[in-house]
Amino acid sequence: MADERGPVVDDEPPMRMREQIVLQVGGRLLTPFILLFALYVQFHGDFGPGGGFQAGVLFAAALVLFGLLFGVDRVQQVIPVSVSEVMIAVGVLLYAGVGVTTLLLGSAFLDYDALSAEHGQHWGILLVEAGVGIAVAATMTRLYYAFGSLHPDSEPAAGEHGE
Amino acid sequence: MAAESVGQGLQQVALSTAFDVHFPALEVVLPLVAAPLCFLFRSRAFARILSAAVAWLTFGVALVLLQKVLAEGTVRYPLGGWAAPYGIEYRVTVAGAWVILVVSLVAALTLLFDSRGSASRLAPERRYLYYSAFLLCLAGLLGMAITGDLFNIFVFLEISSLSSYALIALGRDRRALMASYSYLIMGTIGGGFFMIGVGLLYQMTGTLNVEDMAQRLPAVLDTRTVLVGFAFLLVGLSIKLAVFPLHQWLPNAYTFAPPRVSAFLAGTATKVSYYVMAEVVFVLFGAHFVFTEIGLGAVLMPLSVAAMFVGSLAAIYQADLRRLLAYSSIGQLGYMTLGLSLANVEGLTSGLVHVFNHGVTKSGLFLVVACVGYRTGRTTVRSMAGLGTRMPATSLAFVIGGMSLIGVPGTAGFVSKWELIRGALAAERLWLAAVVLVSSLLAVVYVWRVVEMIYFGRPEGLESLGRDGEPVREAPFSMLLPTLILVAATVVFGLWSDPTLSVARSAAVELLGGAGG
Amino acid sequence: MAATETHAQYVMGETVRLLDGPLQALLHPALPLLVAGVVAALAPPRLRKALLVLAPLWGAWNLLGFTSGDLVSAELAGFELILLRVDKLAFLFALLFHLAALLAGIYALHSDDRMQQVAGLLYAGSAVGAVFAGDLLVLFFFWELLAITSVFLIWARRETASTRSGLRYLLVHIASGVLLLIGAALHWIEFGTLVFERMDLGSAASWVLLLAIGIKCCFPLLHTWLVDAYPAATELGTVYLASFTTKTAVYALARGYEGCEPLIWIGMAMAMFPIFYAVIENDLRRVLGYSMINQIGFMVCGVGLGAGLGVNGAVAHAFNDVIFKGLLFMSMGAVLLRTGRINGSELGGLYKTMPQTAGLCMVGAASISAFPLFSGFVSKSMVMTEAAHEGYVVVWLALLFASAGVFHHAGIKIPFFAFFAHDSGLRPKEAPLNMRVAMGIAALLCIAIGCFPNALYALLPYATDYHPYDTTHVVQQLQLLFFSALAFVTLMLTGIYPPELRSTNLDVDWFARRAAPRTLRVLAAVGGAIWYGVLAGLADVLKVVRSVVRWLHSPAGRLGEPWPTGTTVFWAATLLGLLLLFSYLGSAL
Amino acid sequence: MSLLEALLVQRGLWVYWAIITLMMIGLYGVIARDHLVKKVMGLNVFQSSAILLYVAIGKVRGGTAAILLEGEENVLYSNPLPHVLMLTAIVVGIATTALALALTVRIQEAYGTLEEDELARLRVREDEEEAALDPHPFDPPGEPEDVEYPEVKVGGGAGGAGV
């Protein structure tokens, strides 16, 4: 009953994008800075506005920009699908792991003071934010992979793991 | 599997003396941590064992929590060590403990159910995703009942919803996709309404903690913002609860989801929303404001009655067993909201006891249908023809579950219906009692259709052969066991209703503020 | 009042005993039959047949262990339920039901139909449970069980017509059960108790309960289910159906409404009106159905006449009616089984090959017509004597007329059209042995009770020294019967009575003359037209309701089809708006 | 002061009007559009309105970011809590959108269309095919037949007609 059409999203626009020299050069220049900025936001999150979520999104944005200009396969050479999936789990586990550790140390769940009397809050926040950052970046990347490399028999998007 | 769970169980016991203060957090954290682990290890077998073990662990923890709450009163757990109004507090009340007990029990049994055949559209090597989503859904549902923070409820609500959309979409039939899509749209709107409601209340009170807000609300109850906030909260929850005109996402979602997901969601998802609604209505705003000042009863009661009839009447006409059960769920939810709208101890008790009774019954019935589907390859009413002799245990399970849906004395369904009628009489609404009875007759009709098919239907032609042309036999033990446990529970707690009723009653009294209506 | 005092004597019993002594070793009287029914559902045919005969015997043996005053109660959800209350009234009915189950069981032996045999056993068991129910909730449970188990006996015929009939039957009886439950709730509210005792008409509960019982009891205008369903059932099913449902209702009336005057008039109407229908009916089983309503009329009348002879007569007549009506239904069932037809105009001359069945049928006919020395005589006369004694002359006359009518349609018409009359040319085999045995036992009982009524009288709820065989009774009854017979024979011999023209009325009672048939027919037509109008109106309403339900709820209906997402969201928004408006208005007030 | 003035001119209230308008636009999109992707877009607009509501709640006129600066006291802060909450809401929004889009992709693959009315037609046909395997006892196919009247005999010959 379903009429099988061709690929839902074809490869045309990215192909044309690859011929845009200005964009390509600009993008190539910008990417490392975006990544760096992401790291800044990540680590500055302790003191000022910022944090893992924003950093993760920025990190993923750099990868997506690169992917748009040079093709999904090029990004996947750096961060393969499997790695992105593992990173999602690792990120979430890092967050939950801190909680479980505090729990096992006898304090409340996510009570960072249990980690160390002096720097507990710092370390706790740092680890948790790192977890969030990794998870968000990996998820966004994975989402981009899912939709960016769509062809009829692709894998389903792992959107439900974006938490 | 057994070794693993026993091992963890022992560890639990060893730790329990000092550790049980952490149980409220553990209840949520266990499935939440297990979910990425399933994802990480990419092994279906591992995921199966882990998820089942975790579900049984949460069930054990829920049991301990319930005992603790009954003995000591509300159990509080400050997350991250931050005290209540500032940090997020996990707060286990009797009603909450009751609901998580039901949720974890149903999860444990449905995960015990050995879903064979190609029930979901995932390739076998990616089946671990299913367990991952299942655990997330479980974590979300448990979290909603445990957390004492309104925004946190929203977050857990979305966790459970998102994972259930994904789970439903995994159904083999392509109609599952549309079912999941419309559930997604409805669920997101519901979640959005809930979030807006919380925001408006936060604006007026400056707090998100339920108890704290409940203390601050009376001062600003007459403002329009609070009224609007209340309306948003209620409608948002009504969508998740499938209250009458907002119920249409439910039938298809339950029909086309993979069998175990149907069984799990039918037994749990709406029940948790019911608890949240009861908390919002009775704890946050108070029965006086909701029912006396703005007269919510006049809206909720007719809608509940309508749901009872619409659900049951539609169920009569269904050809597919799962859809029949789903429509019957709408009717049964009508009984629950009716109990809530009575705003007295008996009514609320009936609703809360029905959380358990209906949860167990409906999950059991969905598992029965899963067994039938596995053996016959179809799930239409017609596919039950003559199963009375060929799948006797499964058939008997359906009959008993069906009787519980009708509310035949001696089954769990009767206990809640009886309590509901008592509630109606206590509220001096005789006609409601009559309406409940008449709507039970409709349940007789749709259950009878199936029973007639089981025992008097004659399979014709190819129908006498099951899936893959083999003769139909009794379902395998690994599928039958959890099914029969659930169905047996409806009988056990139908005859021995003291424990369920007394817990539900103390939960109702607690929700109503101990005033007794 | 004398009536209530004597009543209290047997209802209250001497002492209340809770599960001690012999009671411990006994099962609830309904259990043997119910258990046998469940076992039979799974048993092979041979065992099933054994159960059909043995279960009633076992049950009866078990029953004999009880004595008046035994009481068993249980607690359910805060209510004390009286599962079992034994007194003479219930005991007699229970004994009767076991007897009926035994006869029907023997009658059923030739068949292999699991559904009927299982349903029959369960059905009998629920009737026994109902008469022992001490309170309204337990009664309700068995009341509904009675309806649910019996409908299979109709469906067992497995024809479209019988399926439809069965559905209607089920609907009516479920409705009766719901009314009973509503009555119970009202009773609880009004009196704070659910114990099923004699009540005075006046409270809302008593009226609702009367209506519930009245449906099962075939009160006028509520009777259609009986003549609709009985002829639709199998030959075996009708035998079962005739024994339990209506008699349980008579029991409930005797228990709850003893001495309520309206019942006298209702009973009179019930005894009268079916005669008109029976006379013009062709389906012989439906004729029996009408005559059944007529006989129940006598019983209802007796209950209305109150304690002592009235209730005794009603109960005794119920006892006899089960046996002789069972006998008649069994003989008609045998005819149906052997010939496949049951219309009077298609039968005739069967005595040539079914002599034994014919003879047994005539014993039943004699009993129902209340010939002296047959069972009907000893009980029917009790009711009529009491009516005359209490000064209800009109009632007495009406019952006399009804007796004559019975003699015509059940006593003469049934055996005559089936076995004699115009030879239809059918030469069926004699009925199967088991059927003849069952009929033979029933016939023996008819004669035995007719000749030695004191055994039956001893079982009756009230002590009695009634003697049926005094000169007045016997002469009066024989006059009635012989003049009826004379008229019938005269008409037959002079050729005025053509048997094939079933519309010709043969109400040759003592009073009605040649003008009567015409009047009767006009009466029947007018009554029928009105009733038909009511029914058609109801059916139209039903049709509208059904199509509305279908329009709304079927998978293609407005509420049954899955809505588009937008519609549901629209409703969400609407509900939000409604709630906002509502809370705004609510808070503004 | 007229109602209009009270609602519009009163300082700060206009933002709620904007939010409500946005919300209605979103809901309208979900209700009125048949295309599944457009519905998702409507949903996004709706969610944005909810997010804006929180942001508006937290905003304090003249307040700054809630960062503790050394040496300065009595600083007016905006309430950071609603803004932080919105991070979560945004995550939820992304997850929802990603999942919804993944579903639409699947639906397009399965049915070859994304118009809801067409999909409904296809689904109804599927339902009917399934139901055809299972004729309903109370609802025979074809014309709804008449209710059967209980059989009533009225008179024999001249008196009336049987039904």
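Tabulated values for the structure
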{"item": "Amide hydrogen neighbours beyond the local backbone of residue D:35, cut-off 5 Å, H modeled", "result": "D:116"}
{"item": "R0 of 51 Å, Cβ-Cβ distance residue C:433-residue B:43: FRET efficiency to nearest 0.05", "result": "0.10"}
{"item": "FRET E, pair residue C:158, residue D:38, Förster distance 51 Å, beta-carbon r, rounded to 0.05", "result": "0.40"}
{"item": "Chain B: radius of gyration and largest Cα-Cα distance (Dmax), Å", "result": "21.7, 71"}
{"item": "Phi-based couplings in Hz for segment B:291-298 (Karplus 6.51, -1.76, 1.60; Gly and Pro marked x)", "result": "9, 8, 7, 9, x, 4, x, 5"}
{"item": "Eligible lysines near residue C:88 by straight Cα distance, threshold 18 Å, same-chain separation 8 or greater", "result": "C:247"}
{"item": "Amide H contacts under 5 Å for residue B:206, placed H, 5+ residues apart", "result": "none"}
{"item": "Helix C:565-588 axis, angle to chain C major axis (alpha carbon atoms, nearest 10°)", "result": "80"}
{"item": "Label-to-label distance, nm, for residues given as residue D:15 and residue B:215 (7 Å Cα→Cβ offset)", "result": "2.9"}
{"item": "Cα-based reach from residue C:352 at 19 Å (exclusive), listing lysines while leaving out same-chain residues under 8 positions away", "result": "C:413, C:429"}
{"item": "Karplus 3J(HN,Hα) series, Hz, for segment C:189-201 with 6.51 cos²θ - 1.76 cosθ + 1.60 (x for Gly, Pro)", "result": "5, 6, 10, x, 8, 10, 4, 8, 10, 4, 10, 8, 5"}
{"item": "Approximate spin-label separation residue C:64-residue C:38, in nm, with each point projected 7 Å along Cα-to-Cβ", "result": "2.7"}
{"item": "25 Å Cα-Cα reach of residue B:240 towards lysines, excluding residues that sit fewer than 8 places from it in its own chain", "result": "B:271, B:362, B:417, D:38, D:39"}
{"item": "Ranked C:82, B:159, A:79, criterion: other C-beta atoms within 10 Å, fewest first", "result": "A:79, C:82, B:159"}
{"item": "Counting DSSP beta bridges with both ends in chain C, the antiparallel % (nearest 5)", "result": "75"}
{"item": "Karplus-derived HN-Hα couplings along segment B:191-203 (A = 6.51, B = -1.76, C = 1.60, θ = phi - 60°), whole Hz, x at Gly and Pro", "result": "x, x, 4, 4, 5, 4, x, 4, x, 5, 5, 4, 4"}
{"item": "Cα-based helix-to-principal-axis angle, B:210-220 vs chain B, degrees rounded to 10", "result": "50"}
{"item": "Along each principal axis, Cα extent of segment A:12-152, largest first, Å", "result": "58, 34, 18"}
{"item": "Distant-in-sequence amide H partners of residue B:380 (H built 1.01 Å from N, under 5 Å)", "result": "B:321"}
{"item": "Hypothetical label at residue C:224: residues of segment C:289-316 whose amide nitrogen lies under 17 Å (7 Å Cα-Cβ projection)", "result": "C:290"}
{"item": "Modelled FRET efficiency - R0 35 Å, residue C:261 with residue B:434, Cβ distances, 0.05 increments", "result": "0.70"}
{"item": "Residue exposure sequence - C:578, C:336 - by fewest surrounding Cβ within 10 Å", "result": "C:578, C:336"}
{"item": "Ranking of D:34, D:127, C:423 by count of other Cβ atoms within 10 Å, fewest first", "result": "C:423, D:34, D:127"}
{"item": "Top positive-direction residue, dipole computed over segment A:12-152 with Cβ charges, set A:34, A:123, A:56", "result": "A:34"}
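Every number here is computed from the coordinates shown, using simple stated rules; none is lab data. Computed from a predicted structure; not experimentally measured. Note that we place each Cβ from the backbone using ideal geometry, even for glycine, and neighbour counts take in every protein chain shown.
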